[in-house]
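Below you'll find the structure, written out as structure tokens, and then a few comments.
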Amino acid sequence: SQKIEQNSEALNIQEGKTATLTCNYTNYSPAYLQWYRQDPGRGPVFLLLIRENEKEKRKERLKVTFDTTLKQSLFHITASQPADSATYLCALNNNAGNMLTFGGGTRLMVKP
Amino acid sequence: GAVVSQHPSWVICKSGTSVKIECRSLDFQATTMFWYRQFPKQSLMLMATSNEGSKATYEQGVEKDKFLINHASLTLSTLTVTSAHPEDSSFYICSASMGGSASTDTQYFGPGTRLTVL
């Protein structure tokens, strides 16, 4: 069966450290993968998109990697700040046009 | 740019009534709009996809007669929850994409609507 797995346990890190979140998928062959941030009671906010032929994508303090062999994407936040505390969702297209399927999300808590 | 609004942001209704939720793309034309439902501490589950002027495509297990979707223009889609029951209480989120290259469309999400059915 198809699965998108993110660590359901909250990730607690100290301010200034690098946060690394994992997204693993099975039985998908996505053309691209996206990462979103969601704050409580709000809709997701798009962060980054990485295509299947890209290994890495960066945007300011964010870095995403995409390994289609391991079927895994890693999402890094460097120099983390308390304001980065949120739930981060990975999503990939399910080969049906531009529809997205979301992982369960990982909650990140950055402590000052 | 790429702002999506939803109205209302929250609604409380009695069981058996119908509730309409609006989703608008404020500064772009949305070829496709998506409706999701999210239960507490769970991820977004796609309910349906709608293209302007066409009937919505519903995901398996979503009752189309209960969740009526209308995508009358390139900037507005509505979701009507008919004969709402307490189990329909959830966080409903819409998103919109601009079209173009279908393989790389980014979805822009609304802020969500919290529905509570008493």
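Since every read-out is calculated from the coordinates, none of them should be taken as a lab result. Keep in mind that this is a model prediction, so the values were computed, not measured. Note: ideal-geometry Cβ built from the backbone for every residue, glycine included; neighbour counts use all protein chains shown.
Brief remarks on what is shown
- Taking other C-beta atoms within 10 Å as the exposure proxy, A:Ser80, B:Ser54 rank B:Ser54, A:Ser80 from fewest upward.
- Protection-proxy order for peptides A:52-58, A:3-9, each taking the mean of Cβ atoms within 10 Å per residue, highest first: A:3-9, A:52-58
- Karplus 3J(HN,Hα) series, Hz, for segment B:66-72 with 6.51 cos²θ - 1.76 cosθ + 1.60 (x for Gly, Pro): 8, 10, 8, 10, 10, 10, 6
- Average silhouette area of segment B:1-56, convex hull of alpha-carbon atoms, in square nanometres: 5.3
- Between A:Met99 and A:Asn94, the built amide H atoms are under 5 Å apart, and every one of these is 5 or more places off in sequence or on another chain.
- For the segment A:36-49, counting C-beta atoms of other chains within 10 Å of every residue's C-beta and taking the mean gives 5.
- Per-residue mean of C-beta atoms belonging to partner chains within 10 Å, peptide A:99-112: 3
- If the Kirkwood radius is taken over C-alpha pairs of chain A, then at 4 °C and 1.567 mPa s the Stokes-Einstein diffusion coefficient equals 92 µm²/s.
- In sequence order, calculated HN-Hα J values of segment A:54-69 (Karplus, 6.51, -1.76, 1.60; Hz; x Gly/Pro): 10, 8, 8, 9, 10, 8, 6, 8, 9, 9, 10, 10, 9, 10, 6, 6
- Gaussian network model of chain B, springs between alpha carbon atoms under 10 Å - residue of B:Ala72, B:Ala30, B:Ala48 with greatest fluctuation: B:Ala72
- Computed over chain A: relative contact order in percent, which uses C-alpha pairs under 8 Å that are six or more apart: 36
- Tail beyond 31 Å, pair distance distribution of the protein assembly as shown (Cα, percent): 22
- Segment B:1-95 pair-distance distribution - Cα-Cα, 10 Å bins, rounded %: 16, 51, 29, 3
- Distance from the alpha carbon centroid of segment B:1-27 to that of segment A:1-70 works out to 28 angstrom.
- Whole-Å semi-axes of segment B:44-118's equivalent ellipsoid (Cα gyration tensor): 23, 14, 12
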